[in-house]
1. Out of everything in region 57-93 that is among the β-branched types (Val, Ile, Thr), over 13 Å from Ile117 (Cβ atoms) and surrounded by 12 or more Cβ atoms within 10 Å (Cβ to Cβ), what residue ends up being modelled with the highest pLDDT?
2. Evaluate region 135-143: report whether one residue or more is under 18 Å from the mean Cα position of the chain (by Cα), at pLDDT below 85 and loosely packed, with under 14 Cβ neighbours inside 10 Å.
3. Inspect region 150-162 for any residue being surrounded by 11 or more Cβ atoms within 10 Å (Cβ to Cβ) and modelled with pLDDT under 85 and give the result as yes or no.
4. Val130: part of a helix (DSSP H, G or I) and more than 19 Å from the chain's Cα centre (by Cα), yes or no?
5. How many of the residues making up region 80-107 are over 20 Å from Ile147 (Cβ atoms) and in a loop (DSSP other than H, G, I, E, B)?
Amino acid sequence: MSKLTEQREKLRLTQEELSEKSGISVRTIQRIESGQIPKGFTLKALTKALEVDESYFEFQEISDNKNQDTMRWNKIVNLITLLFICLPPLNILIPLILILWKKKMNPINKKLLSIQIVWTLIGIVLCIFVLILNDWFGVESNVKILIPILWIGVNGLVIIRNAISLSKENTERILPNINIL
């Protein structure tokens with residue numbers, strides 16, 4: 001809930017009543033309640049009508065900027081794993097170093113790292129499986145090469161799918177839902 005909505009409801013005003021009281025259009029009030037930050041005349045008129053100080057809305061702007069920065073870094077951490085998809089230890093270490101360096105450890109980044117840790121463990125198991133197939137059953141080299149290619153391909157699809165979810169700021173749709181950190 002936006003600061004404007006919170007204060008408007010606290011004063012028991014409808015959007016239309018606030019519009020009349022402040023001289024700001026209902027559409028502008030709706031935009032601000034949807035996340036736009038009031039500035040200039042609009043900010044002054046709303047603070048006067050809502051009986052609050054201008055700093056009341058500043059916290060929301062700082063919070064919004066911080067959230068945008070965090071989401072940007074979540075996207076970077078997710079996509080950096082794509083660069084190191086063929087080098088399993090680096091698909092964990094490079095994003096982890098970046099997270100620690102920029103101090104951006106948050107639940108989403110933990111989840112993204114957890115996915116790569118589990119995926120790397122699956123890769124190790126698959127490598128052992130390929131060796132067993134070769135030693136015990138003498139499986140053709142085409143099948144042996146197909147397993148790592150599928151492993152890398154599926155990991156790439158997971159990373160890209162999560163990148164799309166992060167672009168839509170839909171962090172609840174990060175899949176698979178793994179969190180071991």
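The values are calculated or read from the model by the stated rules, or taken from the named source; none is laboratory data. This is a predicted model, so every value here is computed, not measured. Cβ: placed from backbone, ideal geometry, glycine included. Neighbour counts: every protein chain shown.
1. Ile80
2. Checking region 135-143: not a single residue is under 18 Å from the mean Cα position of the chain (by Cα), at pLDDT below 85 and loosely packed, with under 14 Cβ neighbours inside 10 Å.
3. Looking for residues that are surrounded by 11 or more Cβ atoms within 10 Å (Cβ to Cβ) and modelled with pLDDT under 85, one finds none in region 150-162, hence no.
4. yes
5. The number of residues fulfilling the criteria is 4.
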